[in-house]
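Contents: one structure, followed by commentary.
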2 protein chains.
Amino acid sequence: MPRKTVIIGGGPAGTGAAGGVKAVDPSAEVVLYTQFEDIAYSPCGIPYVHGGEIDSFDRLILAGKQAYVDAGIDVHYETTVKSINTAKKTIMVEGEGEVSYDSLIIGTGFAYADPGVPGTELGGLYYVKNIRAAQEWDKVIANSKRAVVVEASPLAMEMVSALAHRGIETHLVDANPYALSNMADPDIMAPVEESFRELGIHLHYNTTLEAFLGDSEGKLRAIRTSAGEIPVDLAVVATHKTPNNALAAAAGIKIGSTGGLIVDENMKTSAPDVWAAGDACEIPHGLAGTPLQGLTGSHAYAQGKAAGQNAAGGSKAYRTVFIPWGTPAGKWVIGGASFGEATATALGIPYIVGVAEGVSRSRYYSGVKKTKLKILADPKSHKILGAQMVGGGDGIKERADFLAQAIRFGMTLEDLATMDTVFAPAIGALTEPIVAAANNGLAAAKKG
Amino acid sequence: MPRKTVIIGGGPAGTGAAGGVKAVDPSAEVVLYTQFEDIAYSPCGIPYVHGGEIDSFDRLILAGKQAYVDAGIDVHYETTVKSINTAKKTIMVEGEGEVSYDSLIIGTGFAYADPGVPGTELGGLYYVKNIRAAQEWDKVIANSKRAVVVEASPLAMEMVSALAHRGIETHLVDANPYALSNMADPDIMAPVEESFRELGIHLHYNTTLEAFLGDSEGKLRAIRTSAGEIPVDLAVVATHKTPNNALAAAAGIKIGSTGGLIVDENMKTSAPDVWAAGDACEIPHGLAGTPLQGLTGSHAYAQGKAAGQNAAGGSKAYRTVFIPWGTPAGKWVIGGASFGEATATALGIPYIVGVAEGVSRSRYYSGVKKTKLKILADPKSHKILGAQMVGGGDGIKERADFLAQAIRFGMTLEDLATMDTVFAPAIGALTEPIVAAANNGLAAAKKG
């Protein structure tokens, strides 16, 4: 008899897990439950449809439902799982009753953090997540005149640009002194914020949201902040992600300090035969060991694949993460790996830093774009601790991927300063910014 | 008294060396001899001015002459060095007489290999190198109707596109079965050659050049090949680079199997107090150990910097190279690191290969471009041996840089298959092509 794996969640963690199971055991029975009408679409693309860079929501669908049927994955749509019983190895499914499993994979994802202020029940508060809801909200956006984005998160970077592109008076409210302050350094964000201002976006930093204010019909008319009222008819709630762990918590599965499920390197939870993946979990930072929660879809997908393989009897470790990240922001692209100066300082990790401004191609070539890149390294070993970049876009993502791997492999400033790089006028400059930053870091280290 | 370093050559090796000396010993006396009227320009940009992508030769000048004066580097322009005497520690300079040195750095560069056929004395043969000559040749190109590029080298990839852009009937002649056959694999070059054909370029492979044929005035009128005559009024001689080593050879400095000067990891030659850098040298391949000659300007510059630092009393190793490379070719960008299947086979190195076609951004995002990427790995250890890519351009250079460093650090297919990568719709797809290729390589390895 085939082993039966049950998966809860149809996002990147759940679909990655389904593929992982089938990769190890093609004959396995795989049943996946999702509360939504669709599967395998990319919610990360939603802001770009709102902004007009992607021309249709249909383009976000990665694989049709038939692809799952063909792969032998039994997807139950619009289905709610009510509880998990790890002792009996069953789950309770609304409308189906008790369902047994040999292996269970939890990929229940995230919810946006509650803004924690009055008025969240009003009409006009948009939580970017579900593609069908997004299609409805796109019509609301078309009729909006003034919008606010709450919390200067990565999603906010995308949404303020999208709203501004639509000609809407756009406000950004955040309690911190600058955008993305929990991950990016102020010098990296400075050009981004300048380009937000050029786009006409109103930036309200050091400003606390106090309430959403409604009209007589229960629709949003303004927000109240520590700096006064701002009239708006739409609010995008872009608060940080919190793990959707009510089901797992009720089943007694262990939860960590971030609220994420604790998993070992095989994505196994504290319960027998139960794995988890994606935003429902917490994962230790590769260097600092601090638990991280709310990473990106690519992490969720990779974790899902590992969880699926292990649930099917394979053995696949998911390594601790060094968090390469990147996103367009205003007219720039920002990115990095591991942490920047702000986080290193907050964690009390000593560092030296090398900064360079380089170009993506030879200076004399048309279309040349500047990239500012900084590298943090341990003052003694010179091992790379983190990196951040802001630039025109060329190669930011690939450099972030590389720098994360460099950190994982314990590369030093010396190693990066002596790396070979491509020189070809149209695609790469004589001095690669990574090499220049590493050399500047070594020079700074010498001066003490 | 300050130490005196003499540098022969004003290309990237020589200028890198001058900077290297000053970095270690700011008080050092540095005298640099160049036979040309200019210094610190980028000859690699010349094809792009011919093709119209760069609007003026003036843009290729990287630093004015005054910058060298300001840096305390005494450049002697249009000056020929006649000989080196390593016993007396002097060089003989035309018009200056005997000049002594404490340290000597040889950066005499390359010459294009002699085509070895009759007719090289004819007018109309263009060797792309000197910026002033290029300005004159640009006028010749403007009046040319039919041109041939001899040898399908990296320079040829740039020049055939430049000539075709100028509306000239363009031919490419090479004795091998496809372009760049000594470095790139045929599957990587196939789309490039298709785009050459779309540009109207006439490709003559498996075709041996037999002679340049002149008219009664001693000007080129055609070439004779193993496949017949081709009428042309311009020939770009894009043969491989050979080291300019007459001076060093006459001084008894040791030369290796490629004709390049033999240097140790500090860029020191066999002669006391004599260093060398750039195309005049040969450098061992980081994996295979085979000597390499005729690398790029960025290698020359980095070698020059190391040579300069060592010549000034510092200690800077230049590590063996893993040759990241990249260039636009037709409407594609190609690149790689270390070697591909053709070279591995020729060297008798066993390998397994993982191939993937990925995208530079999320599939649904506009402007998405395909990248084909393959990774060669050792069948037993799974350590990466080399990689090749062809794609729309995004991140090819940065991936080549990374893969070269991955090879240097002994990363395996497993290491690349488990790397974290950025997922952000506008800049990076869910599955990074490097990760997909590594996974496919592992799958292939399992099947045996």
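A few comments on the model shown:
- Flag for residue A:162 being assigned to a loop (DSSP other than H, G, I, E, B) and of a type in the set (A, V, I, L, M): no
- When residues of region A:295-322 are limited to those that are of a type outside the set (Gly, Ala, Ser), out of contact with any Ser or Thr (no Cβ under 6 Å at 6 or more places or on another chain) and in a loop (DSSP other than H, G, I, E, B), the one nearest to the other protein chains (Cβ to nearest Cβ): A:296
- Test: residue A:412 is facing another protein chain (nearest Cβ under 7 Å) and within 29 Å of residue B:307 (Cβ to Cβ): no
- All positions within region B:129-145 that are crowded, with 17+ Cβ neighbours inside 10 Å and either out of contact with any helix residue (DSSP H, G or I) (no Cβ under 9 Å at 6 or more places or on another chain) or part of a helix (DSSP H, G or I) (or both): B:131, B:134, B:137, B:141
- The one condition in (1) at the interface with chain B (Cβ under 9 Å from one of its Cβ atoms); (2) without any contact (Cβ under 8 Å) to a residue 40 or more places away in the chain; (3) surrounded by fewer than 24 Cβ atoms within 10 Å (Cβ to Cβ) that residue A:381 fails to fulfil: (1)
- Residue that is surrounded by fewer than 24 Cβ atoms within 10 Å (Cβ to Cβ), within 22 Å of residue A:325 (Cβ to Cβ) and more than 7 Å from chain A (Cβ to nearest Cβ), where the choices are B:444, B:436, B:406: B:436
- Where strands (runs of 3 or more DSSP E) fall wholly inside region B:209-258, the ranges with 1 or more residues that are surrounded by fewer than 16 Cβ atoms within 10 Å (Cβ to Cβ) and over 27 Å from the mean Cα position of the chain (by Cα) are B:228-231.
- Criterion violated by residue B:24 - all others in (1) in contact (Cβ under 8 Å) with a residue 60 or more places away in the chain; (2) under 25 Å from residue B:254 (Cα atoms) satisfied: (2)
- Counting the residues of region B:153-168 that are without any contact (Cβ under 8 Å) to a residue 60 or more places away in the chain and in contact with a strand residue (DSSP E or B) (Cβ under 9 Å, 6 or more places away or on another chain) gives 2.
- Helices (runs of 4 or more DSSP H) within region A:1-111 that include 3 or more residues more than 14 Å from chain B (Cβ to nearest Cβ) and surrounded by fewer than 23 Cβ atoms within 10 Å (Cβ to Cβ): A:65-70
- Subset tally (residues that are aliphatic (A, V, I, L, M) and within 14 Å of chain B (Cβ to nearest Cβ)) for region A:323-357: 5
- Filtered residue count, region A:218-241, keeping only those that are over 18 Å from residue A:146 (Cα atoms) and modelled with pLDDT of 95 or more: 2
- Segments classed as helices (runs of 4 or more DSSP H), wholly inside region A:369-448, with at least 1 members that are modelled with pLDDT under 95 and over 26 Å from residue B:287 (Cα atoms): A:396-408, A:433-447
- Yes/no for residue A:201 being surrounded by 16 or more Cβ atoms within 10 Å (Cβ to Cβ), out of contact with any Phe, Trp or Tyr (no Cβ under 9 Å at 6 or more places or on another chain) and not basic (Lys, Arg): yes
- Residues of region B:169-192 include none that is hydroxyl-bearing (Ser, Thr, Tyr), modelled with pLDDT under 95, part of a helix (DSSP H, G or I) and not assigned by TED's automatic domain parsing to the domain that holds residue B:59.
The values are calculated or read from the model by the stated rules, or taken from the named source; none is laboratory data. Note that the structure is a prediction, hence the values are computed from the model and not measured. Positions of Cβ are generated from backbone atoms using ideal geometry, with glycine treated the same way; all protein chains shown enter the neighbour counts.
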